[in-house]
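Novice: First, the structure itself, so that you have it in front of you.
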Amino acid sequence: MALRLGSTVCTEKTCTARKSSANNFSILRAGLFETRRTGPVQHINQELLVVEEGRAKILVGKDVFYNPVQCFNRDISILVAKTFAEVRRTEFEQKQQKKIFSSQHVATSVETDGRPLKAKRMESQSTEEKKFAGLACLDALSASGLRGLRYFLEVPYVREVAVNDFDEHAVESAKRNATLNRIPPERFEVHCGDASFFMYERAIAQKSFDIIDLDPYGTAAPFLDAALNAICDGGMLGVTCTDMGVLAGNHPGTCYSKYGCIPQKAKYCHEMAIRILLGSIAQHAGRQEKVIIPLVSISVDFYVRCFVRVFHSPVRAKALPCALGNQNEQELNNSNEIIQSVLNEDELKEGRNEVDFRTKKRIQGILGIQMRELQDIPLIYSYGDLCGFFRIKQYPIALFISYLLCQGYRVSQFHTDGLYVKTDAPPRIVFEFFIIQVMRLDEDV
């Protein structure tokens with residue numbers, strides 16, 4: 001089943017990649033792309049171009065898909081991965097300190113050279129484990145291998161990177177790009193085959209990954225089981241789904257078959273799409289006695305992008321039905337610390353960035369708004385629609401937000417549209433603002 005599903009998606013990816021890559025190749029050669037989305041382009045010959053993005057350089061040809069529009073996706077992935085790497089290292093050091101502290105308080109009656117024998121053994125063992133082994137990363141659907149290259153070159157403490165693709169042309173391109181960036185082959189594994197099978201093989205061999213990135217064409221649902229098997233305890237999983245038509249409610253039957261949820265067509269479809277994807281990941285994790293903690297979840301352009309940490313916890317996995325019914329505030333608000341850390345990265349600060357992130361202004365804007373979002377409020381009010389319903393002029397939304405704040409309620413805007421408002425104010429208070437505006441119009445008349 002996994003091979004059929006995985007191969008079907010990968011085969012579709014291969015066909016789509018060859019058609020799209022030819023179009024993108026023509027656009028790149030013509031120089032019609034937006035320079036803010038990708039780096040400078042150098043012409044090698046009629047078949048290959050050198051494209052720079054971040055610290056990586058890749059050779060782009062007609063046979064391999066490269067999407068410059070997804071530069072924002074890759075930039076934010078690198079920033080979140082850098083923050084996660086620091087968190088992972090800090091957790092490791094704290095764990096080692098606890099081991100050393102416990103070894104110093106071991107009491108035993110047997111002593112050798114004036115020190116307890118058991119304490120000596122634990123001290124030597126803790127000394128061997130002090131060194132942080134680093135992170136292992138996987139780009140399961142790599143195409144040209146650009147995302148994997150950027151993980152290796154830009155994320156600290158990366159020990160090894162593996163990239164996989166079903167297309168032989170993409171695999172050859174990834175190897176060529178790794179050589180171009182002078183990456184040691186023993187630390188950069190390029191695999192050709194089904195992504196699900198590759199992750200299952202690594203899970204069986206107990207060679208799990210600290211970071212797994214799934215960025216397919218369409219849905220990532222066929223790869224979630226394998227990814228959650230191959231990720232280590234406390235690892236980070238990044239998932240992109242581009243089938244927004246399915247997640248937004250246009251095809252409820254398809255959404256149920258892929259994500260186990262029936263969506264509704266509504267103004268809050270972007271928020272709903274994020275929660276549907278998180279719920280699907282949580283269900284796949286629950287089957288393996290694992291739980292997820294959302295870090296950063298955004299809806300942007302034509303896709304949703306979610307980063308979650310995965311922990312093995314049979315006890316918490318049993319409470320999954322309650323968690324799916326209510327994405328509680330405490331769990332979702334853990335993302336604020338991560339978002340704040342991402343915004344503090346040097347790449348997003350003027351004069352301190354070694355790498356030119358051309359999408360940094362957009363990242364700052366989206367994450368800045370999302371950090372202030374009310375994560376415990378699942379639905380939104382459309383300010384424009386409410387003005388149309390009451391047939392009044394659309395005043396600046398700051399007036400509406402100020403009114404709700406003065407009434408003592410919490411308010412935030414939604415990161416996909418500044419005219420979408422999330423608030424804990426009851427509908428009576430929300431409508432009261434528009435009724436006041438209508439009464440003022442009547443008085444003027």
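Novice: Taking the stretch 156-174, which residues are within 15 Å of Leu138 (Cα to Cα) and touching a Phe, Trp or Tyr at 6+ places or on another chain (Cβ under 9 Å)?
Specialist: Answer for the stretch 156-174, where residues must be within 15 Å of Leu138 (Cα to Cα) and touching a Phe, Trp or Tyr at 6+ places or on another chain (Cβ under 9 Å): Tyr157, Val158, Glu160, Val161, Ala162, Val163, Asn164, Ala174.
Novice: Considering only the stretch 270-290, state which residues are surrounded by fewer than 19 Cβ atoms within 10 Å (Cβ to Cβ) and either of a type in the set (D, E, K, R) or over 20 Å from Cys322 (Cβ atoms) (or both).
Specialist: Arg287, Glu289
Novice: Also, I was wondering about something else. What do you reckon, is Gln394 surrounded by 14 or more Cβ atoms within 10 Å (Cβ to Cβ) and either without any contact (Cβ under 8 Å) to a residue 24 or more places away in the chain or not charged (D, E, K, R) (or both)?
Specialist: The answer is no for Gln394.
Novice: Would you check which residues across the stretch 369-396 are in a loop (DSSP other than H, G, I, E, B) and closer than 24 Å to Ile276 by Cα and list them?
Specialist: Listed by number, the residues that qualify are Arg372, Glu373, Leu374, Gln375, Asp376, Ile377, Pro378, Leu379, Ile380.
Novice: Here's a follow-up. Given the condition touching a residue at least 40 places away in the same chain (Cβ under 8 Å), touching an Asp or Glu at 6+ places or on another chain (Cβ under 8 Å), more than 26 Å from Gly245 (Cβ to Cβ) and of a type in the set (Gly, Ala, Ser), answer yes or no: does some residue in the stretch 291-306 qualify?
Specialist: Among the residues of the stretch 291-306, not one is touching a residue at least 40 places away in the same chain (Cβ under 8 Å), touching an Asp or Glu at 6+ places or on another chain (Cβ under 8 Å), more than 26 Å from Gly245 (Cβ to Cβ) and of a type in the set (Gly, Ala, Ser), which makes the answer no.
Novice: Any idea which of (1) over 27 Å from Ile76 (Cα atoms); (2) at pLDDT below 90; (3) of a type in the set (Lys, Arg) is the one Arg410 doesn't satisfy?
Specialist: (2)
Novice: Given the conditions (1) modelled with pLDDT of 95 or more; (2) surrounded by fewer than 17 Cβ atoms within 10 Å (Cβ to Cβ), which single one is not true for Met199?
Specialist: (2)
Novice: If you don't mind, there's one more thing I want to ask. State which residue pairs qualify: first residue of a type in the set (S, T, N, Q) and inside the stretch 422-444, second residue assigned to a helix (DSSP H, G or I) and modelled with pLDDT of 90 or more in any location, beta carbons under 6 Å apart, and separation of 6 or more residues or different chains.
Specialist: Filtered contacts from the stretch 422-444: Thr423/Leu404.
Novice: On to the next question. Could you say whether any residue in the stretch 400-412 is surrounded by 14 or more Cβ atoms within 10 Å (Cβ to Cβ) and touching a residue at least 40 places away in the same chain (Cβ under 8 Å)?
Specialist: The answer is yes; a qualifying residue exists.
Novice: Further, regarding this structure: Say whether the condition of being out of contact with any helix residue (DSSP H, G or I) (no Cβ under 9 Å at 6 or more places or on another chain), outside the structural domain of Phe302 (by TED's automatic domain parsing) and over 30 Å from Ala248 (Cβ atoms) is met by at least one residue in the stretch 421-433.
Specialist: The answer is no, given that none of the residues of the stretch 421-433 is out of contact with any helix residue (DSSP H, G or I) (no Cβ under 9 Å at 6 or more places or on another chain), outside the structural domain of Phe302 (by TED's automatic domain parsing) and over 30 Å from Ala248 (Cβ atoms).
Novice: Got a number for residues in the stretch 343-358 being surrounded by 19 or more Cβ atoms within 10 Å (Cβ to Cβ) and at pLDDT 65 or above?
Specialist: Looking only at that region, the number is 1.
The values are calculated or read from the model by the stated rules, or taken from the named source; none is laboratory data. These figures come from a predicted structure and were not determined experimentally. Backbone-built Cβ (ideal geometry, glycine too); neighbour counts: all protein chains shown.
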